[in-house]
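The values are calculated or read from the model by the stated rules, or taken from the named source; none is laboratory data. Please read all numbers here as calculations on a predicted model, not as lab measurements. Backbone-built Cβ (ideal geometry, glycine too); neighbour counts: all protein chains shown. Just the protein is used for accessible areas: all its heavy atoms, side chains included, with ligands, DNA and RNA removed. Shrake-Rupley method; radii C 1.70, N 1.55, O 1.52, S 1.80 Å.
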Amino acid sequence: MCRIEGEMEERERRRRRWGLGVMGLKGTTLGDSRVEKLKSSVVFSRSRMKLWMIRATTMILLWTCLVQLTTLGELWGPRVLKGWPCCFSQESAAALVVKSRLEVPARVLPPKRAYKNNGYLMVSCNGGLNQMRAAICDMVAIARYLNVTLIVPGLDKTSFWADPSEFQDIFDVDNFIMSLRDEVRILRELPPRLKRRVQLGMIYTMPPISWSDISYYHNQVLPLIRKYKVVHLNRTDARLANNGQPLEIQKLRCRVNFSALKFTPQIEELGKKVIRLLRQKGPFMVLHLRYEMDMLAFSGCTQGCNKEEVEELTRMRYAYPWWKEKIINSDLKRRDGLCPLTPEETALTLRALDIDPSIQVYIAAGEIYGGTRRMASLTAAYPNLVRKETLLEPSELRFFQNHSSQMAALDYLVSLESDIFVPTYDGNMAKVVEGHRRYLGFKKTILLDRKHLVDLIDQYYAGSLTWDEFSAAVKEAHTERMGNPTKRLVIPDRPKEEDYFYSNPWECLEPSNEDETSSSI
């Protein structure tokens, strides 16, 4: 019995010993894994510490080397390199900086004009390039006078030319905005809240009355701007009177036209290239030959056209409902001087004025109606006829194709720099270029008296005048029509018949002698 109990106690001790052994094994295993993790974390921390120490040491060494090299360069560089040509010496660098400052002066922006904003003015210009150009000048002056914010004008895309160009495609919009900041606030677009209202159709739109005094805008338009916050003027050509305006308004119109409205750098550079190519071959004359299909259809002038061409021009006139005059007597309009000279009449006139036959004649115009056949007489009299299309590579004009206003801008730049400018019709380009050339120092601009000319030409063709008599009469008729100083013609109550402000902005020109600026009334 005792032996049995002893055996059982022995078994119990063995069992406990085995259990403790197993537990000890498990404990040992778990402990070892934790130790390994701990060791690895310690190793990782030490590695990270070493890495950071290496990086810090490297940065300190590099910085020390840089400082030492700089110091050595300052101490020994001038001695070692003395007499050596060095492109990066302090003296040459300073000289380059000074030279660059002299060659490219820093642009000094005028200070912003502080005033209470009465609202926003949106405008949509209509017509061709120069018609829109003059309208933009007027709208800036109006916005300034009314103390309103002007939104960059929208350009006509529905005219005969259907040019999709935006303002920034033709004009340097940054120069336009920044150069006028001391006069008027100009934004590219309306603030978001107002822009949303316009998109919803919540805007007051109106065409201002033509040839209005600036007081009209103060009394009639400004109250509408205050009421609606935004007013849209949808026709802006010839809306500000030529005469009787405050001097500061007239001068601002000039400032916009001659300074703020610069063409884009691309147009400016290409225009300079055309002028350079012409100058390389000597003097040149720009002939604004306004004998294009749209002008002939609009005016009803068909002198020298055959039956088919007359019918084509008539159909075109009826196709455009906003061309109000439909039935036109071409012969009567021509006798009244209301038609552009034909290429044949132009050649005869230039010869009578003794224009050198060898001079380069730059044709500033679109496609001449009748093509080579109608240009034959002019080409025979002046064989050095050129156009931008003949002076430039097609690739250079590729981006201007189908953008008539951008092409007209090139012609405008060349016209300004020509030795002689001769327009055959007093359209908007002829008037604005004439005024700009006056501003540049009364450059020679031959203003043809078409009514007198066609009478003399008809007499010459009829044999009533010899060539010498005809030439003398033409010269005498144009003695005072060379762009010389004069005041604008003022006709009270008939503003449309007055001289155009932009063709002769005498308020902005250099003072001249009293006899030179006497009124031509």
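Please give the peptides 431-438, 208-215, 367-374, 232-239 ranked by average Cβ packing (other Cβ atoms within 10 Å per residue), highest first, as a rough proxy for protection. Write out the running numbers ahead of the final one.
Working: 431-438: 22.8, 208-215: 15.8, 367-374: 14.2, 232-239: 19.4.
Highest to lowest by the protection proxy: 431-438, 232-239, 208-215, 367-374.
The Stokes-Einstein estimate for region 417-470, based on a Kirkwood radius over Cα pairs and taken at 20 °C with 1.002 mPa s viscosity, is a diffusion coefficient of 168 µm²/s. On the basis of the beta-carbon distance and an R0 of 45 Å, Asn402 and Glu469 show a calculated FRET efficiency of 0.40.
Taking a point 7 Å out from the Cα of Arg193 in the direction of its Cβ, the residues of region 111-146 whose backbone N falls within less than 17 Å of it are 117-121. Extension gain for Met178-Leu413 works out to 82.4 nm (0.36 nm per residue, less the C-alpha to C-alpha distance).
Go through 265-278, 407-420, 314-327, 481-494 and give me the packing order, highest mean Cβ count within 10 Å leading. Kindly include the intermediate steps, with their values, before the conclusion.
Details: 265-278: 16.1, 407-420: 21.1, 314-327: 11.6, 481-494: 14.1.
By packing density, highest mean first, the sequence is 407-420, 265-278, 481-494, 314-327.
The mean of 1/r over all distinct Cα pairs in region 408-505, once inverted, gives the Kirkwood hydrodynamic radius of 14.9 Å.
So for region 120-260, averaging the separation of alpha carbon pairs under 8 Å that are six or more residues apart and normalising by length, what relative contact order in percent results?
RCO, region 120-260: 37 percent.
In order along region 422-436, the Karplus-derived 3J(HN,Hα) couplings, from 6.51 cos²θ - 1.76 cosθ + 1.60 at θ = phi - 60°, round to 10, x, 8, 7, 8, x, 5, 5, 4, 5, 5, 5, 4, x, 5 Hz, and Gly and Pro are given as x.
All Cα-Cα distances of region 330-435, cut into 10 Å bins from zero to the largest, leave 12, 42, 38, 8, 0 percent in each bin in turn. What does the charge count near Trp211 come to, summing +1 for each Lys or Arg and -1 for each Asp or Glu among other residues with Cβ under 9 Å from its Cβ? Net charge around Trp211: 0.
Our summary gives region 458-512 a relative contact order of 23 percent, counting only alpha carbon pairs under 8 angstrom and 6 or more residues apart.
When restricted to Cα atoms, region 375-445 yields an Rg and a Dmax of 13.8, 35 Å, respectively. When only alpha carbons are used to place a centre, region 387-424 and region 197-246 end up 34 Å from one another. Of the GluC sites (Glu not before Pro) found in region 447-482, those that fall in a DSSP loop while having at most 13 other beta-carbon atoms within 10 Å are Glu480. Working note: Karplus 6.51/-1.76/1.60 with θ = phi - 60° gives region 140-155 the couplings 5, 4, 5, 4, 4, 5, 8, 6, 10, 8, 8, 8, 3, x, x, 9 Hz, where Gly and Pro are set to x. The Cα trace of region 126-213 gives Rg and Dmax of 13.8, 37 Å, the first to one decimal, the second as a whole number. Amide H contacts of Phe171 (H built 1.01 Å from N, in plane; Pro and chain starts excluded): Thr264 sit under 5 Å, all sequence-distant by 5 or more or on other chains. When peptides 131-143, 334-346 are sorted by average Cβ neighbour count within 10 Å, with the highest value leading, the order is 131-143, 334-346. Split the accessible area of region 120-260 by element, probe 1.4 Å, and carbon with sulfur accounts for 51%.
Taking the inverse of the mean reciprocal distance over all distinct Cα pairs, the Kirkwood hydrodynamic radius of region 265-508 comes to 19.1 Å.
Amide hydrogen proximity for Val386: with H placed 1.01 Å from N in the peptide plane, the residues at 5 or more positions away or on another chain lying under 5 Å are Val361, Tyr362, Ile363.
Taken about its Cα centre, region 265-508 carries a charge dipole of about 420 debye when Lys and Arg each add +1 at the Cβ and Asp and Glu each add -1 at the Cβ.
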